[in-house]
Amino acid sequence: MKVNDKRFVSHQAGFTLVELMIGMVIGLLAALVIVQVLQLFETQKRSTTGSADAQTNGSIALYNIGREVKVAGYPLMPTGLSGVADSPLECTALRKNGTDGAAISLLSPVVITNGVAVAGVSPDSDTITIHYGTSQSGGISSKVGNLAAGVANLETNFACAEDDVSLAYDGDDCALSTITAVTGTTNPMSVTLDDAAFTTGIAYPVGTNVACLGRWDTVSYAVNQATGNLERTLTDAAGVSTVNPVVAGVVNLQAQYGIASSVSSNQIVQWVDATSGGTWDASTLAVADRNLIKAIRLAVVARNAKPETYAASAKCTQAVAPATTTTGICAWQDVPAAAPITTASPAPVVDLSTGNANWARYHYRVYETIIPLRNMIWSKDTL
């Protein structure tokens, strides 16, 4: 008997074309939802990690600046073996390596240069310049017993070394020189200076105080608007500068001087900007005013690198009584004239709108601190 193996259509297995199309549509919709969820998650993750990075960057910036401000002015101390009465912080005229007329600000522990906004390029970010030495002896001074052709015989040349920077000071006159040789280990000892005019009867007579400062470094912190980095510039005694990025994501730096009522007081009575053309301008700051500076306060503005699609930040709005909090990107509140602050002290204005048209689409964090100038505080009784 012949077997019939013909199969009916109704018995065939599989999907129809319509079923396949419906399945693909459902799969694509599910994939689209998954992609959107992942994209939202990634956006939130980048915002969160960016804020964490900004927090870290701001903290590192404050730490690095604060570490060097704390040693600002070291070792300009009025101490020595022969009862030194003068302080190098009282010098009003400075000679450097044999040339008169050097900027007296080279002996200023901290100098703030007020920033100037440039439309479309940069906001008004300040620059902080710090001067300090590296002497292991604390800058102990010795009186000059004899001077001849750049060779100074000293009571001691303790902690003086070749290539160190020496500071000679006698009343209001100071001289920075590089030591080219150190001779002798007992009294009299001598140092040879590269200031050939350092001879008796010209400007620095017998009895002049000489201290060895080690290196005398000039360190500046400023924001590079092109890279978004906080940069540290080190300038050595020879005037050679080296620029190093410290931390990324910092877009603004604001600083103010803390002023005492007198050089013999360490209580801050006013906070002031280094306003261009004013009393506290870096280029015209008088020594008498400089010696009133006992502290600085600074604010670092760090930015989340991820831009948002909306306005995420606003300009600073200072609190107006009876309100007690500020809104927007602010350094600190304005300080009214109330004891111990005898003069109203407005906070510096943080305005990022001049540097970037899309500035408001970023999140920012502001970190601030107050740093006492230890060497100015310790010198109050000798100024």
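The values are calculated or read from the model by the stated rules, or taken from the named source; none is laboratory data. None of the values given here were measured: they were computed from a predicted structure. A quick note on method: Cβ atoms are made from the backbone with ideal geometry, for glycine too, and the neighbour counts reach across all protein chains shown. Note: areas computed on protein heavy atoms with side chains; ligands, DNA, RNA excluded. Shrake-Rupley method; radii C 1.70, N 1.55, O 1.52, S 1.80 Å.
When Asp172 is evaluated against the numbered criteria (1) of a type in the set (Asp, Glu); (2) in contact (Cβ under 8 Å) with a residue 60 or more places away in the chain; (3) open to solvent by less than 50 Å² (accessible area, probe 1.4 Å), which criterion, by number, is the only one it fails?
(3)
Quick one: how many residues across the stretch 350-374 are crowded, with 20+ Cβ neighbours inside 10 Å and over 19 Å from Ala54 (Cβ atoms)?
Within the stretch 350-374, residues that are crowded, with 20+ Cβ neighbours inside 10 Å and over 19 Å from Ala54 (Cβ atoms) number 2.
With respect to the numbered conditions (1) at pLDDT below 85; (2) open to solvent by less than 50 Å² (accessible area, probe 1.4 Å), which one is the sole condition not fulfilled by Ile293?
The failed condition is (1).
Pull up the stretch 208-249, narrow it to residues that are β-branched (Val, Ile, Thr) and under 26 Å from Ala119 (Cα atoms), then point me to the one that is farthest from the chain's Cα centre (by Cα). Please lay out each step first, then the result.
The first filter runs over the stretch 208-249 and keeps only residues β-branched (Val, Ile, Thr), leaving 208, 210, 218-219, 223, 227, 233, 235, 240, 242-243, 246-247.
Subsequent filtering for residues that are under 26 Å from Ala119 (Cα atoms) retains 223, 227, 233, 243, 246-247.
Values: Val223: 9, Thr227: 17, Thr233: 10, Val243: 13, Val246: 10, Val247: 11 Å.
So the residue we want is Thr227.
Collect the residues in the stretch 351-381 that are in a loop (DSSP other than H, G, I, E, B) and farther than 20 Å from Asn64 by Cβ, keeping them in residue-number order. Break it down stepwise before answering.
Filtering the stretch 351-381 down to residues in a loop (DSSP other than H, G, I, E, B) leaves 351-358, 362-363, 373, 379.
Passing the criteria: Asp351, Leu352, Ser353, Thr354, Gly355, Asn356, Ala357, Asn358, Tyr362, His363, Ser379.
Scan the stretch 258-278 and give yes if some residue there is acidic (Asp, Glu) and surrounded by fewer than 17 Cβ atoms within 10 Å (Cβ to Cβ), otherwise no.
First pass over the stretch 258-278, keeping only residues acidic (Asp, Glu): 273.
If we keep only those that are surrounded by fewer than 17 Cβ atoms within 10 Å (Cβ to Cβ) as well, we get none.
There is no residue in the stretch 258-278 that is acidic (Asp, Glu) and surrounded by fewer than 17 Cβ atoms within 10 Å (Cβ to Cβ).
Could we say that Ala282 is closer than 24 Å to Gly58 by Cα and in contact (Cβ under 8 Å) with a residue 24 or more places away in the chain here? Reasoning before the result, please.
Numbers: closer than 24 Å to Gly58 by Cα: no; in contact (Cβ under 8 Å) with a residue 24 or more places away in the chain: yes.
It is false that Ala282 is closer than 24 Å to Gly58 by Cα and in contact (Cβ under 8 Å) with a residue 24 or more places away in the chain.
Select the strands (runs of 3 or more DSSP E) contained entirely in the stretch 128-242, then report the ones holding at least 1 residues which are modelled with pLDDT under 85. Outline the logic, then answer.
Numbers: elements: 141-148, 151-154, 165-170, 173-183, 189-193, 209-212, 216-224, 229-235.
It comes to 141-148, 151-154, 165-170, 173-183, 189-193, 209-212.
Take the residues of the stretch 296-319 that are surrounded by fewer than 20 Cβ atoms within 10 Å (Cβ to Cβ) and of a type in the set (Val, Ile, Thr): which is farthest from Asn64 (Cα to Cα)?
Taking the stretch 296-319 and keeping what is surrounded by fewer than 20 Cβ atoms within 10 Å (Cβ to Cβ), we get 305-319.
Subsequent filtering for residues that are of a type in the set (Val, Ile, Thr) retains 309, 317.
On the way: Thr309: 33, Thr317: 29 Å.
That would be Thr309.
Could you run through the stretch 73-94 and say how many residues are more than 26 Å from the chain's Cα centre (by Cα) and modelled with pLDDT of 85 or more?
Qualifying residue count for the region: 1.
Taking interchain pairs and intrachain pairs at least six residues apart, which have beta carbon atoms under 7 angstrom, with the first residue in the stretch 350-375 and touching a residue at least 12 places away in the same chain (Cβ under 8 Å) and the second open to solvent by 40 Å² or more (accessible area, probe 1.4 Å) and among the basic types (Lys, Arg)?
Close Cβ pairs (under 7 Å, with a partner that is open to solvent by 40 Å² or more (accessible area, probe 1.4 Å) and among the basic types (Lys, Arg)) amount to Asp351/Lys315; Ser353/Lys315; Tyr362/Arg303; Tyr364/Arg303; Ile371/Lys70; Arg374/Lys70.
Sort out which residues of the stretch 111-123 are open to solvent by less than 40 Å² (accessible area, probe 1.4 Å) and part of a loop (DSSP other than H, G, I, E, B), and write them in order of number.
If the condition is that a residue be open to solvent by less than 40 Å² (accessible area, probe 1.4 Å) and part of a loop (DSSP other than H, G, I, E, B), then Gly115, Pro123 are the ones that fit.
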